[in-house]
Amino acid sequence: MCMVIFAPLFAIFAFATCGGYSGGLRLSVDCVNKTESNLSIDIAFAYPFRLHQVTFEVPTCEGKERQKLALIGDSSSSAEFFVTVAVFAFLYSLAATVVYIFFQNKYRENNRGPLIDFIVTVVFSFLWLVGSSAWAKGLSDVKVATDPKEVLLLMSACKQPSNKCMAIHSPVMSSLNTSVVFGFLNFILWAGNIWFVFKETGWHSSGQRYLSDPMEKHSSSYNQGGYNQDSYGSSSGYSQQASLGPSSDEFGQQPTGPTSFTNQI
């Protein structure tokens, strides 16, 4: 039930906070010649974070010339992989919810439904772990590449001590941090659901039968041993009774011996 409720929600939060992100930073370059200054340099970037394609122009403080620069880095592969996993996990969890509620008989027929569900759950657990780890590393690279201090180092005007360069506005990364958190929460949720899906498969029931068979054999052999012991006890008692019979006969025959001897005399 937890899987049905939380899996679609966690997947939505994961790809919405990452795929819908757009941010930016603002810098200022105050040249010695105020007419050459630019106190509002806006640099915008967004998903899928191909930062090397984000270009902007800054003053050189050497006349009216402008320097065209670009951010450093490309985290599109990890971001797109993370969002793709989240979207497909969302679609599968919705489809699984419909099957659980409306097609329970078809789901359990021939044990194919639980087996497929088990395999898909294992695959998505692995994909969530890989995707979340890769995106966490990609987000770290994005933070470094969009750090205003790092961007200011790219400007030639900021290398001259007579010019004043400063950051006015830094990018807000709270939603991207949230996407990483939900990525690992999705991994925990899907990985924890593996056991519950495994219990629905035939592998779990066959394992229980395998464990119960040796116990039944052991109990049956014990009963057979007790029966043989009783039989052995009864037979030994019977033998003892049989052995007592001849001794009593012999004891009964002893008086006849002297009688016959007297008659002979």
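Computed quantities for the displayed model
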{"read-out": "Distance in nm between pseudo-label sites at Gln160 and Phe126 (7 Å out along the Cβ direction from Cα)", "value": "5.8"}
{"read-out": "Accessible surface, 1.4 Å probe, highest first, among residues Ile41, Ile12, Ile188", "value": "Ile188, Ile12, Ile41"}
{"read-out": "Computed magnitude of the charge dipole of region 46-126 (debye, nearest 20; Cβ of K, R +1, Cβ of D, E -1)", "value": "240"}
{"read-out": "Sulfur and carbon atoms: percent of accessible area, region 1-118 [1.4 Å]", "value": "62"}
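The values are calculated or read from the model by the stated rules, or taken from the named source; none is laboratory data. All values reported here derive from a predicted model rather than from experimental measurement. Neighbour counts are summed over all protein chains in view; Cβ atoms, including those assigned to glycine, are modelled from backbone coordinates with ideal geometry. In case anyone asks, the SASA skips ligands and DNA or RNA and just uses the protein heavy atoms, side chains included. Shrake-Rupley method; radii C 1.70, N 1.55, O 1.52, S 1.80 Å.
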